Structures are given as structure tokens and as C-alpha cells.
1. Counting heavy atoms of the protein chains only and a 1.4 Å probe, report the per residue accessible area for region 53-167 as a whole number of Å².
2. Please arrange Ile62, Ile313 by accessible surface area, largest first, computed with a 1.4 Å probe and ligands excluded.
3. Straight-line reach from Lys140: which aspartates and glutamates fall under 18 Å, measuring Cα to Cα and dropping same-chain residues less than 8 apart?
4. Considering only protein heavy atoms and a 1.4 Å probe, what is the carbon-and-sulfur percentage of the accessible area of the chain?
5. Restricting to DSSP loop positions (anything but H, G, I, E, B) with no more than 15 other Cβ atoms inside 10 Å of their own Cβ, which trypsin sites (Lys or Arg not before Pro) remain in region 262-295?
6. What whole-number value in Å² describes the accessible area per residue of region 222-324 for a 1.4 Å probe?
7. Tell me, how many Å apart are the Cα centres for region 253-312 and for region 117-173?
8. Calculated from the structure, Cα extents along the principal axes in Å equals which of [x] 52, 43, 36; [y] 90, 51, 44; [z] 48, 41, 40?
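The values are calculated or read from the model by the stated rules, or taken from the named source; none is laboratory data. Worth saying up front: this structure is predicted, and the values here are computed from it rather than measured. Using ideal geometry, Cβ is built from the backbone for each residue, glycine included, and neighbour counts are taken over all protein chains shown. Only protein heavy atoms, including side chains, enter the accessible area calculation; ligands, DNA and RNA are left aside. Shrake-Rupley method; radii C 1.70, N 1.55, O 1.52, S 1.80 Å.
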Amino acid sequence: MACVMTVRGPVSTKDLGVTLMHEHLSFGSIGAPQDGGPFEEIAFALNLEMLKAARDVGIRTIVELTPWPNIGRIVELNDKVPELHIVVSTGCYTERCGHPSNRLPDEAFYERMVYNITEGYEGSESTGVRAGIIKIAGAKSNLTDWERRRFRLAARVQQECRVPIATHACAGAREQMEVLRGAGADIHATFYSHVEAKFGWDGRTVQQEARYLADVARAGGFLQFNNFGFEFDTPFSDMLYLIDYLERSGLGEKIFLSVDTNFTIDETGRVWKEAERQHRETGKRSLAYCITHAVPMLMGAGVSLPRINRYLIGNPRRFFEALH
């Protein structure tokens, strides 16, 4: 039976339920988490509130794609909301994010990923928590040499440890896929996040972008959509066109839906959701937003409930079964 490694141990893929494949239980910002800082308790309370709301609307699995998770606090969160499965990650964000792990030499970075998957997280081994997925990132379509090396190392770890890969792919999903494929990755166990972000289309029209993404899906890659309520990045009509195009092309089994929740805390202790300073309406985006807002938007546009269930339940299960 195929299983996924979660904070509370291995879980059968048949028990994952409604799954958000790209989220962040981050304590501060992704690039500079405020673990142990003066506002950690504010972050903890917000995460707890969001997890309880997610549980209450029927979400059952959260994939935490911050590649340096605060394991101790995440265990605390999961203890308070035991009905949820939480999958944590290892890997890296973009080259310029400034996290200390980015300074690791290639071989040390590889060893860190393997250790997180097979043993646990340094300083948190006693929790028994191990990573269930690899996260890597590219900032633009043309990967830097550093990013290419990280992608190749992720493919190497996937082959050795049999865990899937998620990428940050606002731009360049197809280019990322080719690097991973060239390094021996199983593309059926990879997914590409934020692919609907219009600023990453490199001048392509929505019709051209749909064909570009279909190439990734036909090769086996999964595609994750999360810009619901982000009209300034992706008009809903464009996101709907991309999703419907993939569905009409027989590629509906390669679609994920998520929210990509993340936030920062300013010097006064005020929490700001992503883009909220410029676009106040984004302050309502949380884990539950996928069910309370995104799903009704899609159904109102004619996307059927069976399709949505496939995107939120069937496809995540298929993804986690790909290497078994």
C-alpha cells in the first residue's frame, strides 16, 4: 500500500482526503522565518486558527512547502489539530532568498536533503518527523547555474530516497521539467507551482501558455494553481481558460488546486498576508479559502464537482503513488 510520510508518521494515500498541495505554515516570511523571534506566538496563533478552519471545511491534508520547517512548532500545531495530516519538505527556495542553507556546498545540500528524508531534522530528531517531499525553486525561466545544480541534486535525491519533487515555477515550468528529466527524475512524481502567474508567461498569450503547460502535463508533470483572488497577478478568466484547456485536452488528472498561504509580521506585530499591503482583499486568503472561495468560483464558472474532487483528492493521491 502506498504511503506518504507526514508529521504523525506514514499515512496511506487513500486516507489523504482533500489535499492542499502547496501551503506554508511559515513563522514570518519564507525567506527569513522568524522562528524564536518576538512574534513567533502571533504566527503560531494564526497558523492554529487557519488549520482549525481548514479542518472545519473538510480539508484533511496540508503539504507544507517551506523547505526549512520549524518542526517543533509544527508538531505542536498538529497535536492541537490531529484530524489533519501535515507533510513537511526539505530542499531550498530561490538563490536570492538569503536563507543560510543556500550557502551549503552542493554535496552538503544533497546530504541535508537525504538526512531530512531518512533521519529527520537536525535538532528535532526526537520528534521522529521526516520530510515527505522535496521543494526546489527557480526565479525565472532561465535557471541560474546555482539553481540548475539544486534541481539536479533534487533529482538525485528523488532517485535514491523515492520521494516526489515540488517546484516554485511562476516562470519556466517546462524548462525546469527538462532539467529534472535530464538529471534522471521521474517526471510523474514532480509538480510545478504557480504556473498561472501571468507575469511569468514570458510574453505568451493565454492560448500559448495553455499549450506550453499542456506539454508539461503530457510529459507527466502535475500543475498547481493557486491565484484565486489574485486578479492583479492572474485574472480569473485566464486561470479558468488554462484549467479548462487542460481538461479538454485530456490532462485533467494533472491539476492541483491550492492557496499558497504565507504571511509576514511587521515591527508592530501586525500580520500581513501575501500582497495585502497593496491589495487589502487578499487578507481573507487562508487555507480554508480554497473551499470557501475558490471552489465556489470554479463551480460558478461551470467546473463540476467531480472535476474539483479530482483536483483536490484524486490527483494528489495519484501524485504520491507515482513512485510506488
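1. Per residue, region 53-167 has 40 Å² of solvent-accessible surface.
2. Result of the area sort, largest leading: Ile313, Ile62.
3. Glu95, Glu175, Glu178, Glu196, Asp202, Glu209, Asp233
4. Whole-percent figure for carbon plus sulfur exposure: 49.
5. Arg270, Arg277
6. 40
7. 24
8. [z]
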